[in-house]
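The values are calculated or read from the model by the stated rules, or taken from the named source; none is laboratory data. Bear in mind that the values here come from a model prediction, so they are computed numbers and not experimental data. Cβ: placed from backbone, ideal geometry, glycine included. Neighbour counts: every protein chain shown. For the accessible areas, the whole protein counts, side chains as well, though only heavy atoms, and no ligand, DNA or RNA atoms are used. Shrake-Rupley method; radii C 1.70, N 1.55, O 1.52, S 1.80 Å.
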Amino acid sequence: MPDPLAQREHIPVRVYPHSSQANVAVAGQIADLIRQRAADGRNCVLGLATGSTPVGVYDELVRLHREENCRLRT
């Protein structure tokens, strides 16, 4: 008999060769969500983790924000 939990849970998984690539991908998804919600006139509420694991994602989000602000000013 198949495991009932295995039938319900389908969590997409992506594997990246290096954590920096994963950081860029995750930050990109978060940034896209924020932009989409802003374009729709909606708020975007994020629950962000603490600790050292997500620091690379947060660094990438800061980089994207700064890069986007520079493009808007020119």
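Report the local net charge at A39: Lys and Arg +1, Asp and Glu -1, summed over other residues whose C-beta lies under 14 Å from its C-beta.
Charge balance near A39 sits at 0.
Against the longest alpha carbon principal axis of the chain, how many degrees, from 0 to 90 and to the nearest 10, is the axis of helix 55-73 turned?
With rounding to tens, the tilt is 40 degrees.
Could you size up the charge dipole of the chain around its Cα centre, putting +1 on the beta carbon of Lys and Arg and -1 on that of Asp and Glu, and report it in debye to the nearest 20?
280
What accessible area, in Å² to the nearest ten, does a 1.4 Å probe give for L46?
Counting only protein heavy atoms, L46 exposes about 70 Å² to solvent.
Of the peptides 50-58, 11-19, 37-45, 23-31, how do they stack up when ordered by the mean number of other Cβ atoms within 10 Å, highest first?
Taking the mean over residues of other Cβ atoms within 10 Å, the ranking is 23-31, 50-58, 37-45, 11-19.
Once both axes come from the Cα atoms, what is the angle between helix 19-39 and the longest principal axis of the chain, in degrees from 0 to 90, rounded to 10?
Between the helix axis and the principal axis of the chain, the angle is about 70 degrees.
Please compute the per residue accessible area over the chain with all protein chains in place, 1.4 Å probe, rounded to a whole number of Å².
86
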